[in-house]
1. Among 224-231, 243-250, 328-335, how do they line up by average Cβ neighbours within 10 Å per residue, starting with the highest?
2. Could you calculate, for the range 136-200, the ratio of the Cα radius of gyration to the Kirkwood radius, expressed as Rg to Rh?
3. Just need the relative contact order of the range 169-345 here, percent rounded to a whole number, with Cα pairs under 8 Å and 6+ apart.
4. How large, in Å, is the range 42-151 by the Kirkwood hydrodynamic radius built from its alpha-carbon pairs?
5. Once you place label points 7 Å from the Cα toward the Cβ at VAL56 and TYR312, how far apart are they in nm?
6. Projected onto the charge dipole of the range 144-295 (+1 at Lys/Arg Cβ, -1 at Asp/Glu Cβ, origin at the Cα centre), which of ALA234, VAL214, GLY165 gives the Cα projection farthest towards the positive end?
7. Based on the Cα atoms of the range 169-345, what semi-axes does the equivalent ellipsoid have, where each is the square root of 5 times one gyration tensor eigenvalue, given in whole Å with the largest first?
8. Can you tell me how much longer the chain between MET324 and ILE217 gets when fully stretched, taken as 0.36 nm per residue apart minus their C-alpha distance, in nm with one decimal?
Amino acid sequence: MIVNINSKIRHKINLLCRLVLLFPLFALFASQALADDMRPASLTITATSNTNFDVVWKVPLRNGKKEPIQFALPDKSQQVGLTRKHIFNNAYIEYSSFQREDGLTGVMITIDGIERSTGDVLVRIIGTNQETFTTVLNVEKPNYLIKKMVSLSTFDTAITYTEIGIKHILIGLDHLLFVACLVYISGSRKKLFYTITGFTLAHSVTLFLAATNVMVIPIEPVEAVIALSIIFLAWEIAKNRQHSLSLRYPVLVSSSFGLLHGFGFAAVLSDIGLPESEKSLALLSFNIGVEIGQLLFVIALFLLVKLASSLYQWRRKKPLTLTMLRLPISYFCGITATLWFIERLTAF
């Protein structure tokens with residue numbers, strides 16, 4: 001009996017020591033995730049006449065600081081009036097106006113400093129006849145030449161917003177951790193199907209409501225509660241009480257918190273904007289992109305676990321079970337989400 005007690009104590013001490021040693025890794029991952037949060041910078045250029053256009057430049061604050069990136073226009077673009085700057089909703093926003101003899105045609109948009117940035121810049125261009133074009137600039141594509149103001153075709157709109165949706169979910173590490181926890185608590189393929197379906201339907205509802213301005217909620221508390229939802233699931237995984245409501249009916253958890261995650265998805269879509277002529281198509285395409293990205297992540301997760309299981313069985317001559325992964329998953333997700341939650345509370 002004493003041997004068993006000492007063995008349990010040693011096991012807990014070893015686990016605690018490992019967590020202490022791994023804490024800097026959790027902090028690094030969380031801080032990197034915060035640096036790579038889902039909110040991209042955005043540049044909206046709106047033509048007010050054949051020669052004049054307004055520019056709105058929005059850069060999210062990362063840990064209270066503005067990323068060192070700035071848009072640049074050709075020398076022939078002359079600024080009219082002063083630049084107005086302010087901080088709103090945890091973002092730095094700049095308003096300015098320009099004049100150019102040829103208007104927007106032939107304007108080369110460049111993002112200076114983007115090679116040091118970890119996020120995308122969403123560029124939205126609106127012509128004099130409300131024709132709208134949206135593109136994404138990043139390290140691989142730091143500039144864009146406006147050849148002629150032509151609205152995206154229906155097909156191009158669908159492809160563009162689907163691509164944005166896929167990228168959006170794959171860089172949204174908080175959403176991915178939540179999905180990873182859902183995969184674990186599901187336990188079976190049948191439960192996983194209902195759980196992911198419930199999450200999808202729930203966040204689709206609030207995404208549509210928020211994107212159409214039917215229901216608008218400030219993003220800061222939403223992001224904090226999203227982190228809290230991961231902490232809740234990590235706690236449920238750590239307790240491992242099979243009779244608990246969360247483990248018996250994971251679809252209830254995924255649907256409830258999915259409503260909040262939809263508002264998080266809508267935050268980025270509000271920065272991108274929707275083309276006036278094809279709002280419904282763009283919104284639907286963005287949501288489809290989110291679902292595709294989510295499916296790709298789940299598949300990748302299964303492949304990763306399969307690979308880890310094969311390696312473990314090869315090394316230890318016994319299979320890797322979900323029970324063995326319970327504490328690593330719960331502690332990793334829980335500690336990371338706790339750091340996010342504390343960080344996001346300070347952003348209010």
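1. Values: 224-231: 21.2, 243-250: 15.0, 328-335: 19.0.
Peptide ranking by packing, descending: 224-231, 328-335, 243-250.
2. Working: Rg = 17.7 Å, Rh = 14.9 Å.
Taking Rg over the Kirkwood Rh, I get 1.18.
3. Working: 192 pairs, mean separation 64.2, N = 177.
In percent, rounded to a whole number, it is 36.
4. Working: mean 1/r = 0.0698 Å⁻¹.
Here the Kirkwood hydrodynamic radius works out to 14.3 Å.
5. 4.9
6. Of the candidates, ALA234 comes out farthest on the positive side.
7. Values: eigenvalues 189, 63, 43 Å².
Taking √(5λ) for each Cα gyration eigenvalue gives 31, 18, 15 Å.
8. Details: separation 107, 0.36 × 107 = 38.52 nm, distance 3.95 nm.
Between MET324 and ILE217, full extension yields an extra 34.6 nm.
The numbers here are math on the coordinates, done by the rules we state, and not lab data. Being a predicted model, the structure only gives us computed values, none of them experimental. With ideal geometry, Cβ positions are generated from the backbone for all residues, glycine too; neighbour counts draw on all protein chains shown.
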